[in-house]
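What follows is one structure encoded as structure tokens, with my remarks underneath.
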Amino acid sequence: MNVFYVIAAAIAFGCIGTVLVFDVAFGCRALFHVKKKFVNELPKGFSPLDYQRVMKGKTRPQALTRALLVWWAQRGYIEIEGRAKNTVRVRKLKEMPPHKEAEFYDRGTYVREREIFNYIFARDNMKNYSGRDIKSGYRDININAPLITRKSAESVNKSFSIGENEGVFGAGHFILKIVTQILCFVPYFMAVAWATYDTGEALFIALSIFSVIGVLALKYVIVIPPAIRYPFFSLWGGLPYIAIVTTYFQQVAYDPWYFGLAALIFYALGTFIFILFADYREKENLKEYSDLFNFRNYLFFCNKKAVDPERYYELLPFLYTIGCAQVLKPKFRSEQLPEWYRGERGALL
């Protein structure tokens, strides 16, 4: 048996096994620290952005349109009027107070939330009712569209410290991500090296370089607008990868352990899926994670009778944030409309 083949296969399978160990060891670490207890309330001032910060490590408000609208309406900052199934008219009632005068869970998250609120309801984004002051103006919002774009969120985040922007994840988390990403690339390069050795075709090397550049641009160069980044990935990342896979199976004659097949598949799955489970959380975050995990279980398993109309609307922002609204809204939904909502019911409630 070819010695180079044995070495390449051993390195590839070793890297794949290491990533899987990382996923189990670190991905389950937070779950192992979950202490089962009854949690049916969140701390006062705990917002949808706090939930996202704890569970995902970052505050990405562009993905939380429905949750933030309901949250702000509950707190008296806005009034919502249903206009169509997926469209609401939002009127600002008052400003969000400065953090020194507000009730919040995490100061950094609240300050960011207030900046986002001010950005959305800035004078330039509002429309006047005829003959009325701008403070009584309104804005029509599609609840299926991002409330704030990624670019706008990044411009808001620039005014915050790095520590707040990193959320709950420290240096250990990012080191783990970098190591995991490298381990996802190594088997791919081993397969490419073997294909080049076996066929004598240097084209494999060139295509693999293009493919990796496309993947790195897609995942990590987020300053590039999606309209440019996704086509760039398709041309530089997707097409070269497909060409390598196709050519590998057509031309590589010797691969008894099928390590090339495993490496090429793992390159795609590891880079976009398995790396998500390599999740290292700091110890101070594990208690928050445990409480939110138990709160999520409460939402799924509590008795319907325990949730009256007022309670349903209190929970609604977190149904959206957790991502279980489609499953649990039919269970808890009340026909009674909240005080802060008028007009057609629509999809928001």
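What do you reckon, is Thr18 assigned to a helix (DSSP H, G or I) and out of contact with any Ser or Thr (no Cβ under 8 Å at 6 or more places or on another chain)? Working first, answer last.
Values: assigned to a helix (DSSP H, G or I): yes; out of contact with any Ser or Thr (no Cβ under 8 Å at 6 or more places or on another chain): yes.
The answer is yes for Thr18.
Within region 287-342, being loosely packed, with under 14 Cβ neighbours inside 10 Å, among the aliphatic types (A, V, I, L, M) and closer than 27 Å to Ala84 by Cα holds for one residue alone: Val327. Looking only at region 34-54, decide whether some residue is in a helix (DSSP H, G or I), in contact (Cβ under 8 Å) with a residue 60 or more places away in the chain and out of contact with any helix residue (DSSP H, G or I) (no Cβ under 7 Å at 6 or more places or on another chain). No: region 34-54 contains no residue that is in a helix (DSSP H, G or I), in contact (Cβ under 8 Å) with a residue 60 or more places away in the chain and out of contact with any helix residue (DSSP H, G or I) (no Cβ under 7 Å at 6 or more places or on another chain). A count restricted to region 248-286 and to residues that are open to solvent by less than 60 Å² (accessible area, probe 1.4 Å), part of a loop (DSSP other than H, G, I, E, B) and of a type in the set (Val, Ile, Thr) stands at 1. Here Tyr197 does not fit the description of being crowded, with 17+ Cβ neighbours inside 10 Å and either touching a residue at least 12 places away in the same chain (Cβ under 8 Å) or in a helix (DSSP H, G or I) (or both). The lone criterion from (1) touching a Pro at 6+ places or on another chain (Cβ under 9 Å); (2) part of a helix (DSSP H, G or I) left unmet by Gln336 is number (2).
In this structure, Ala10 does satisfy being surrounded by fewer than 14 Cβ atoms within 10 Å (Cβ to Cβ) and either of a type in the set (Phe, Trp, Tyr) or farther than 21 Å from Phe104 by Cβ (or both).
In summary, Glu95 fulfils each of the numbered conditions (1) in a helix (DSSP H, G or I); (2) open to solvent by 40 Å² or more (accessible area, probe 1.4 Å) with the single exception of condition (1). Scanning region 39-87 for residues that are touching a Gly at 6+ places or on another chain (Cβ under 6 Å) and at pLDDT 90 or above, which turns out least open to solvent (accessible area, probe 1.4 Å)? Looking at the filtered set, the residue picked out is Gly82. For region 259-274, the criterion of a residue being under 20 Å from Phe32 (Cβ atoms) and at pLDDT 90 or above is satisfied by at least one position. Taking the condition part of a loop (DSSP other than H, G, I, E, B) and under 21 Å from Pro48 (Cβ atoms), does Ala347 pass? Yes: the conditions hold for Ala347.
Is it the case that Ala30 is modelled with pLDDT of 90 or more, outside any loop (DSSP other than H, G, I, E, B) and out of contact with any strand residue (DSSP E or B) (no Cβ under 9 Å at 6 or more places or on another chain)? It is false that Ala30 is modelled with pLDDT of 90 or more, outside any loop (DSSP other than H, G, I, E, B) and out of contact with any strand residue (DSSP E or B) (no Cβ under 9 Å at 6 or more places or on another chain). Scanning region 312-342 for residues that are free of Cβ contacts under 8 Å to residues at least 24 places away in the same chain and in contact with a Ser or Thr (Cβ under 9 Å, 6 or more places away or on another chain) gives a single hit, Tyr312.
Give the number of residues within region 13-23 that are touching a residue at least 12 places away in the same chain (Cβ under 8 Å) and either of a type in the set (Val, Ile, Thr) or more than 21 Å from Leu276 (Cβ to Cβ) (or both).
So the answer is 4.
The values are calculated or read from the model by the stated rules, or taken from the named source; none is laboratory data. Just so it is clear, the model here is predicted, and its values are computed rather than measured. Every residue, glycine as well, gets a Cβ built from its backbone with ideal geometry; the counts of neighbours run over all protein chains shown. Heads up: the accessible areas ignore ligands, DNA and RNA and are worked out on the full protein's heavy atoms, side chains in. Shrake-Rupley method; radii C 1.70, N 1.55, O 1.52, S 1.80 Å.
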